[in-house]
Amino acid sequence: MKVDDYIGVVGGGRLPGEATIARRIGEKLVERELLDSKKVEQAQHRAHWLKEPLDRLLVRDGLADEVAVLELLSESTGIPVVSMARVELEEQAVKIVSVRVIASYRVVPVRLYGGAITLATDSVAELAREEELRVVLGHSIRWVLCRSHEITECIKHYYGVGIQALTGLDAGSQTTSGRNGAEHDTHDITAFVNAIIEDAVASEATDIHFEPSEEGIRLRYRIDGVMAAVPLPQGSERFARAIVSSIKVMAQLNIAEKRLPQDGRFAFDTDGRALDIRVSVLPSEHGEAANMRILNRESSFLNLEQLGYNPDQLEMVEDLITNPHGIILYTGATGSGKTTSLYASLSRINTDERKIITIEDPVEYRMPGVTQLQVNRDIDFTFASGLRSVLRHDPDVVLIGEIRDEETARIATSAAMTGHLVFSTLHTNDSASAATRLIEMGVPPYLVASSVEGIIAQQLVRRVCPSCREAVTVERPLIEQMVRSIGEKVRESTMYRGTGCPDCRFTGYHGRIGLFEMIVMDDKIRALIVERAPSGRILECAIETGLLTLRQCGWHRVLAGETSIDEVLRVTAGPGRHWRG
């Protein structure tokens, strides 16, 4: 949507003063019974004493919803409220406003036309500086209002992450002479790195990747399992070496060693959250590459209902995890959510009546009431050796982080046969392959058939962003494929994709949901395993009894408007595009 669809206020016209706007907002809050007059008066006094705009104080202190405050601000000034998800920013407007102006005034340029520049803001504070901005930019100003989050994300997207910290680095560069920023003020570099970590945490990223190149450095996050390029401010390439050196200092690594890989970690606190940052540094052709894995020490465990099981699948999982004995296997690729599912299952059955012991590599999350052991290969404490010792502690439930070898597999199946409930994971692409994988490891088929109670294969797909989703037209061949898979309801359904907006960091997706393929053992499947039947025959047998494949589960998510066709194709059968917007 073009900003012309809104009526802006032209700079040069007389905007009400900040005090007048604050008074009008207060009157409207009382008039609409959003706050009583006493609370409004207290807020106005506090804003005056703190020298803070009333609108920002109301939102920050939780006295009023941001959208409601923006509407009141709009009514008090005549400036329209817009959704940046529906506004197209013009490249020319973005280019003429410098990073320093953006960092100082926290505005977003939207359009340059007829000698006037349209700026988006989230507060009356910038409106009060209109004359100052007009002189700096050399243009009269039109205003639009939008949410603070949208301002933040637009600034990151169009100007880069950490521009406030970079402004300090640029100022310092006038008095220092280090090549590639290697001798710049360490405090400023650390502030820049901290800003990036805070942004990654706010974006719910799991990893931060600094990757050197001939031109300088590239920054990427892994968000929702997918790598996403993150813009860095112009000029940040000069500080490539200094950025990696700062990360090494934070992780207590040897900054002088640039030829060998190094690993370390450090603690990081942001917004009251305690995080562990695990650092890995690798030497590469153009310099050192640094990866930071973000782990939340205070993560809460998801309930089974939050994972994305459909009602039938949830009932099957509940039955499986309350079995007195047997093995329950979770399968899927790295990053498919197996650990999350394991912890959700353990959390459901973690009671005073059960003794639960886990063997993990590494122990990523702490679970109260559970004895958790960390594998340590340096002292030969492996899954297999640890499991032998664990069984002497009379556990009811044992979690093995991963079955990787024959010895671990044999001990796990034996434990399941002697009255223990065993949870573990395998790296296979579907549910049926798990049984054949155990046999390939050397476990006798009869032992696999009698010990395994259920197999859950899973994948994660990204959710379509609800703020910017739009309907798509699907090509006929794919429609027919979906109809053959899940039925005629496909023809009458609307399917969506995300176009990208501030709410989803311009990716079109926000969050993830699981796809699940579940085999619950019965006599037919056990007989096939004993016969060493291939995984294809086992899967066909399971489908005959009602199994939904990962692809079918994905199509149901598409019809529900939760994910896109591209996502289902990406995680279940590789890349492909079969729709037109």
Sorting L232, L275, Q252 by the position of each Cα along the dipole of the range 222-284 (Lys, Arg +1; Asp, Glu -1; all at Cβ), the one nearest the positive end of that ordering is Q252
Quick check: net charge around Q374, other residues with Cβ under 9 Å of its Cβ, Lys/Arg +1 and Asp/Glu -1? -2
Extending each Cα 7 Å along its Cβ direction at E88 and R491, get the distance between those two points in nm, one decimal. 3.6 nm
So for the range 34-157, what are the equivalent ellipsoid semi-axes in whole Å, largest first, each being the square root of 5 times an eigenvalue of the Cα gyration tensor? 27, 15, 13
Cα axis of helix 535-544 to longest principal axis of the chain: angle in degrees, 0 to 90, nearest 10? 80 degrees
Given a 1.4 Å probe, how much area per residue of the range 12-72 is accessible, in Å²? 65 Å²
Cut-off 13 Å, label point 7 angstrom out along Cα-to-Cβ of D396: give me the residues of the range 322-342 whose amide nitrogen falls inside. 322-325
Across the range 142-158, in residue order, what do the Karplus-derived ³J(HN,Hα) couplings come to in whole Hz, using 6.51 cos²θ - 1.76 cosθ + 1.60 with θ = phi - 60° and x for Gly and Pro? 10, 10, 9, 10, 8, 5, 4, 4, 5, 4, 4, 5, 5, 4, 4, 5, 9
Please compute the length gained on full extension between T371 and R220, using 0.36 nm multiplied by the number of residues separating them and subtracting their Cα-Cα distance. 50.7 nm
Among all cysteines in the chain, which have no other cysteine Cβ under 4.7 Å from their own Cβ? C146, C154, C541, C553
With θ taken as phi - 60° and the coefficients 6.51, -1.76 and 1.60, list the Karplus ³J(HN,Hα) couplings across the range 358-370 in order, rounded to whole Hz; mark glycine and proline as x. 10, 10, 10, 8, x, 7, 8, 9, 8, 10, x, x, 10
Acute angle (nearest 10 degrees) that the helix 432-441 long axis makes with the longest principal axis of the chain, alpha-carbon atoms: 60 degrees
DSSP loop (so not H, G, I, E, B), at most 15 other Cβ within 10 Å: list which GluC sites (Glu not before Pro) in the range 72-159 pass both filters. E88
To the nearest 500 deg cm²/dmol, what mean residue ellipticity at 222 nm is calculated for the chain from DSSP H runs of n ≥ 4 alone, each contributing -39,500 (n - 2.57), summed and divided by the residues? -11500 deg cm²/dmol
Once both labels are modelled 7 Å past Cα along the beta-carbon direction, what's the K51-V483 spacing in nm? 7.0 nm
For the chain, go through all pairs of different Cα atoms, get the mean of 1/r, take its inverse, and jot down that Kirkwood value in Å. 27.6 Å
On the formula 1/(1 + (r/R0)^6), with r taken between the Cβ atoms of L314 and T351 and R0 of 25 Å, the FRET efficiency rounded to 0.05 is 0.80
With r defined as the distance between the Cβ atoms of S37 and E198 and R0 fixed at 30 Å, what FRET efficiency is calculated, to the nearest 0.05? 0.20
With every protein chain kept in place and a 1.4 Å probe, the range 293-392 has an accessible area per residue in Å² of 50 Å²
Report, in whole Å, the centroid distance computed from the Cα atoms of the range 68-126 and the range 505-548. 51 Å
Using +1 on the beta carbon of Lys and Arg, -1 on that of Asp and Glu, and nothing else charged, what's the dipole of the range 387-490 about the Cα centre, debye to 20? 260 debye
Once you have the Cα-Cα distance between D207 and A267, take 0.36 nm times their residue separation minus that, and quote the gain in nm to one decimal. 20.1 nm
Against the longest principal axis of the chain, how steep is helix 338-349, in degrees 0 to 90 to the nearest 10, with axes from Cα atoms? 70 degrees
What is the distance, in nm, between label points placed 7 Å from the Cα along the Cα-to-Cβ direction at A229 and at T339? 2.9 nm
Under the rule of at least 5 residues apart or a separate chain, name every residue whose amide H is placed under 5 Å from the amide H of W143. V9, L119
With every protein chain left in place, what is the accessible area of S414 in Å² (1.4 Å probe, nearest 10)? 60 Å²
Percent carbon-and-sulfur accessible area, the range 435-581, ignoring ligands, DNA and RNA, probe 1.4 Å: 47 percent
Starting from the Cα-Cα distance between S385 and V136, subtract it from 0.36 nm times their residue separation and give me the gain in nm to one decimal. 82.7 nm
Isotropic mean projected area of the C-alpha convex hull, the range 455-581 (nm²): 8.3 nm²
Could you list the trypsin sites (Lys or Arg not before Pro) in the range 354-440 that lie in coil according to DSSP, counting only those with at most 15 other Cβ atoms within 10 Å of their Cβ? R354, K355, R366
Rounded to the nearest 20 debye, what is the charge dipole size of the range 197-286 about its Cα centre when +1 sits on each Lys and Arg Cβ and -1 on each Asp and Glu Cβ? 320 debye
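The values are calculated or read from the model by the stated rules, or taken from the named source; none is laboratory data. These figures come from a predicted structure and were not determined experimentally. Using ideal geometry, Cβ is built from the backbone for each residue, glycine included, and neighbour counts are taken over all protein chains shown. In case anyone asks, the SASA skips ligands and DNA or RNA and just uses the protein heavy atoms, side chains included. Shrake-Rupley method; radii C 1.70, N 1.55, O 1.52, S 1.80 Å.
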